[in-house]
2 protein chains.
Amino acid sequence: MTIEFAEPFLASAVSTFSTMLGCKLIPGEPFIKGDLPTEHEVTGVIGLSGKAKGAVALSLCREAALSASAAMLGQRPSDVNHDVTDAVGELTNMIAGGAKARLEHLSLSASLPTVIVGQGHVMEFPYQAAPVCIPFECPWGQVIVEVGLIEQQEG
Amino acid sequence: MTIEFAEPFLASAVSTFSTMLGCKLIPGEPFIKGDLPTEHEVTGVIGLSGKAKGAVALSLCREAALSASAAMLGQRPSDVNHDVTDAVGELTNMIAGGAKARLEHLSLSASLPTVIVGQGHVMEFPYQAAPVCIPFECPWGQVIVEVGLIEQQEG
């Protein structure tokens, strides 16, 4: 995967947070993830298949996960509960959907989101996928989108 | 999703561990996951799409992850490193591939595996997917397969 693939996911994340949450995401510089694991607290992950195969993950710090859920649900959950994992799953779904539409030539299908909760968990992609990490800042703290895609051979 | 969907994943996990690792998995009774979160240490997850949408996750305790990697690589990694996450990703891929072949009528495509590492992490599926949890025992400790699938409407 090359860094160019990051752009549709970056644009989709900015647009999803703005539309759904009224939250302005300020993107940092995307980088190839390499051996630097990034620690997360709440991560939504969706698999992608089609003319490319891969996955996209949306990771939020605890405060960002709770505030995003509050913006979606109209009330702030007291803890990282099912309401929060459903909200993060739905946001991941929308980011994947928006990027898919921007990558029409790859005819991507998205799977269902799964959401991982656990302080300090890290996420690894297959080494062939050379995932790109896109860091964002927002008023709620850190938000990260990671995406790894491998184009499939025709035939 | 109904409990019947568990069978192809159960059979594929038993067959993958036997063929790839020479390890006998003893399946327990599959159950609908409900509100009981299961804590994991190393989890491989793959998205599925086609006439059904969902995901399958393979979770191993630390000892099972290290021993499975040792069986695949011919030497035991000193810690849960990239070799371990690659091995768990590949096992998840094979379990998904075997189940896909047993569920041919659903024309499933699999995404790339991502692997989550972090003591005590939990994984949530969307509530509509009512994931099934299949616990296994093996000489290395606990192995769990979780699968959530929603059949898509034709059209």
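We did not get these values from a lab; they are worked out from the coordinates using the rules stated. For clarity, every value in this text was computed on a predicted model and none was experimentally measured. Positions of Cβ are backbone-derived with ideal geometry, glycine not excepted, and every protein chain shown enters the neighbour counts.
Key figures for this structure:
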| item | result |
| --- | --- |
| Whole-percent pair-distance distribution, where bins are 5 Å wide, for the alpha carbons of the range A:83-155 | 3, 11, 18, 27, 22, 10, 5, 1, 1, 0 |
| Ratio of Rg to Rh over the protein assembly as shown (Cα coordinates, Kirkwood Rh, two decimals) | 0.95 |
| For A:123-135, mean number of other protein chain Cβ atoms within 10 Å | 4 |
| Most mobile listed residue (B:Ala96, B:Ala55, B:Ala129) in chain B, GNM with C-alpha springs under 10 Å | B:Ala129 |
| Inter-chain shielding of B:48-61 (mean C-beta neighbours from other protein chains, 10 Å cut-off) | 3 |
| Computed log₁₀ I(q)/I(0) - Debye formula, equal Cα scatterers, no solvent, chain A, q 0.21 Å⁻¹ | -1.40 |
| Radius 13 Å from Cβ of B:Gly118, net charge of other residues (Lys, Arg +1; Asp, Glu -1) | -4 |
| Alpha-carbon spread of the range B:51-113, three principal axes, descending order, Å | 42, 18, 17 |
| Distance between modelled label sites at B:His82 and A:Ala101, nm, 7 Å Cα→Cβ extension | 3.7 |
| Overall Cα dimensions of the range A:1-44, principal axis frame, Å, largest first | 34, 27, 17 |
| Descending semi-axes in Å of the range B:1-79, equivalent ellipsoid built from Cα gyration tensor | 25, 15, 13 |
| Residue of B:Ser78, B:Ser69, B:Ser18 that the Gaussian network model of chain B assigns the largest fluctuation, springs spanning Cα pairs under 10 Å | B:Ser78 |
| Computed FRET value (nearest 0.05) for B:Ala11 with A:Ile150, which takes r as the C-beta separation and R₀ as 35 Å | 0.80 |
| Helix-only mean residue ellipticity at 222 nm for chain B, each DSSP H run of n ≥ 4 adding -39500 (n - 2.57), per residue, nearest 500 | -10500 deg cm²/dmol |
| Selected from A:Glu41, A:Glu63, A:Glu104 as most flexible by GNM, with chain A as the system and alpha-carbon contacts under 10 Å | A:Glu104 |
| Cross-link pairs A:Lys33/B:Lys53; A:Lys53/A:Lys100; B:Lys53/B:Lys100; A:Lys33/A:Lys100 - those with Cα-Cα distance over 23 Å | A:Lys33/B:Lys53 |
